[in-house]
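The values are calculated or read from the model by the stated rules, or taken from the named source; none is laboratory data. In this text, all values refer to a predicted model and were calculated from it rather than measured experimentally. In this analysis, Cβ positions are derived from the backbone assuming ideal geometry, glycine residues included, and neighbour counts consider all displayed protein chains. Protein only, heavy atoms only, side chains kept; ligands, DNA and RNA dropped before computing areas. Shrake-Rupley method; radii C 1.70, N 1.55, O 1.52, S 1.80 Å.
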Amino acid sequence: MELAPKPTDSPAEAGIVTELFPRSLESARIGDEGTDEWMSRRYAVEGDRIVRLNLITTITGATSGDDGTSESITSRTDRYVLGAIRRASDVVVVGAQTVRIEGYLLPKTARLAVVTSTGDLGAGKLSAAGREDRPPALVLCPQDRADLVRHALGDAPAEVVPLPTDGERLTPQTIVAGLRAKGFGRIVCEGGPELATQFVEAGVVDELCVTVSPVLEPARQPFVRLTERVETRVAGMLVDDAGFSYLRLRVRG
């Protein structure tokens, strides 16, 4: 997933971002010098141990557009938000299915960690192109499948990290504990929907950063499919002149 802002025909690009909460009446014209710094202040975190969930959804709950990816529902502003959250993180966690669908470029700042049980990340979908100086992705997998995963990865820029399982799959608790054992305290999960749901229902998420796209897209797979309510409070909210909103929600308790 490339972080650099790039033009897209749909949805419309935002020009002005306004902060609604905390109420400060500050605005940032996207593209102005200092926009990265402006966003970074709004997505800064205190302390060195936090788990965030960062997702985009349409107002109908879809996580992808008609192309099957999030590319057709995102915006330039959302990419600034993504960059700010990654700069405030030590590691970005994604599921293998997300890598296969979206494709992932090693982040410029945080380390990338991919959760998989097979090592199938899609041919060429995990890339270090232009970022060969970045450390390889961490591939988190069940201990008893480590050799299978190593073989499946081939020459992908990846380092296998075997972890204990609860049954057949890795739990969010195990994933978080494994990453913290390697020194990664500030964790952001970028999905997809199945992994995001597991993280929320396991109670390991401290904050959700949710971009809401003003698109009426059929929700083939909701962005989080919960079985019970999770209480949150609003820690921040931005809007832009393309109709997107950007929420920071702190999980209560």
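General remarks:
- Contact annotation: residue pairs with Cβ atoms under 9 Å, 6 or more positions apart or on different chains, pairing a residue in segment 157-174 that is acidic (Asp, Glu) with a partner that is outside any loop (DSSP other than H, G, I, E, B), are Glu159/Ala137; Glu159/Leu138; Glu159/Val139; Asp166/Gln173; Asp166/Thr174; Glu168/Pro142.
- Screening the candidates Val239, Val200, Val212, Val176 for the property of being part of a strand (DSSP E or B), under 23 Å from Glu102 (Cβ atoms) and open to solvent by less than 50 Å² (accessible area, probe 1.4 Å) yields one hit, Val212.
- Any hit, segment 71-80, residues being touching a residue at least 12 places away in the same chain (Cβ under 8 Å), part of a strand (DSSP E or B) and open to solvent by less than 20 Å² (accessible area, probe 1.4 Å): no
- Inside segment 84-114, residues that are under 14 Å from Met39 (Cβ atoms) and either open to solvent by 10 Å² or more (accessible area, probe 1.4 Å) or polar (S, T, N, Q) (or both) make up a count of 4.
- Against the criterion of being touching a helix residue (DSSP H, G or I) at 6+ places or on another chain (Cβ under 6 Å), free of Cβ contacts under 8 Å to residues at least 40 places away in the same chain, of a type in the set (Gly, Ala, Ser) and in a loop (DSSP other than H, G, I, E, B), Gly68 does not qualify.
- Residue ID - modelled with the lowest pLDDT, chosen from residues in segment 11-25 that are outside any strand (DSSP E or B) and either surrounded by fewer than 13 Cβ atoms within 10 Å (Cβ to Cβ) or aliphatic (A, V, I, L, M) (or both): Ala12
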